[in-house]
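What follows is calculated from the coordinates using simple rules that are stated; it is not laboratory data. Everything numeric in this text was worked out from a predicted model, so none of it was measured. FYI the Cβ positions are ideal-geometry reconstructions off the backbone, even for glycines, and counts take in every protein chain you see.
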Amino acid sequence: MREPDAPKHTVRVSIFNQTYSVATSGDAQETEALAHEIDELMSSIARRAGNLDATRTAVLACLHLADRLRVAERELSALKESIDHKTRDFVMLLDEAFSVSKEG
């Protein structure tokens with residue numbers, strides 16, 4: 001996780017034929033890669049949807065990314081539940097193993 005007080009630097013990126021200066025405390029290459037991914041997504045949407053303005057294209061890109069985020073959150077939640085279940089099973093097995101070893 002990034003430190004809130006970390007020094008920021010400016011990265012120039014191009015998204016959908018517009019240049020932006022982005023202040024980031026993270027890795028400049030990561031910011032550039034994310035911008036490139038967004039640019040490709042918006043260009044893909046514009047090609048498929050036809051004659052859309054930049055705002056509508058951006059809204060559709062946001063909806064797409066929000067959907068991807070929701071899917072990832074659901075998968076993470078399911079994974080956490082699975083880990084919790086396996087952890088409980090493991091604790092029960094350990095309890096059984098320790099109780100057998102104390103008896104023997």
(Q) From Cα pairs below 8 angstrom and at least 6 apart in sequence, can you work out the relative contact order of segment 9-103, rounded to a whole percent? (A) 17 percent
Q) Which distance in nm do the two modelled labels at LEU34 and PHE16 give, with both placed 7 Å along the Cα-to-Cβ direction? A) 1.7 nm
Q: Could you check the simple spin-label distance between ILE83 and ALA49, using points 7 Å along Cα→Cβ, in nm with one decimal?
A: 3.6 nm
**Q.** Summed residue charge, Cβ within 12 Å of LEU63's Cβ, Lys/Arg positive, Asp/Glu negative
**A.** +2
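Can you classify the chain as rounded, prolate or oblate using the Cα gyration tensor, where a ≥ b ≥ c are the square roots of its eigenvalues, rounded means a/c under 1.5, and otherwise it's prolate if a/b beats b/c and oblate if not?
Values: a/c = 5.51, a/b = 2.23, b/c = 2.48.
Oblate.
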Q: Relative to the longest principal axis of the C-alpha atoms of the chain, give the angle of the C-alpha long axis of helix 54-103, reported between 0 and 90° and rounded to the nearest 10°.
A: 10 degrees
Q.
Can you compute the helix-only [θ] at 222 nm over the chain? Use -39500 (n - 2.57) per DSSP H run of at least 4 residues, normalise by all residues, nearest 500 deg cm²/dmol.
A. -25500 deg cm²/dmol
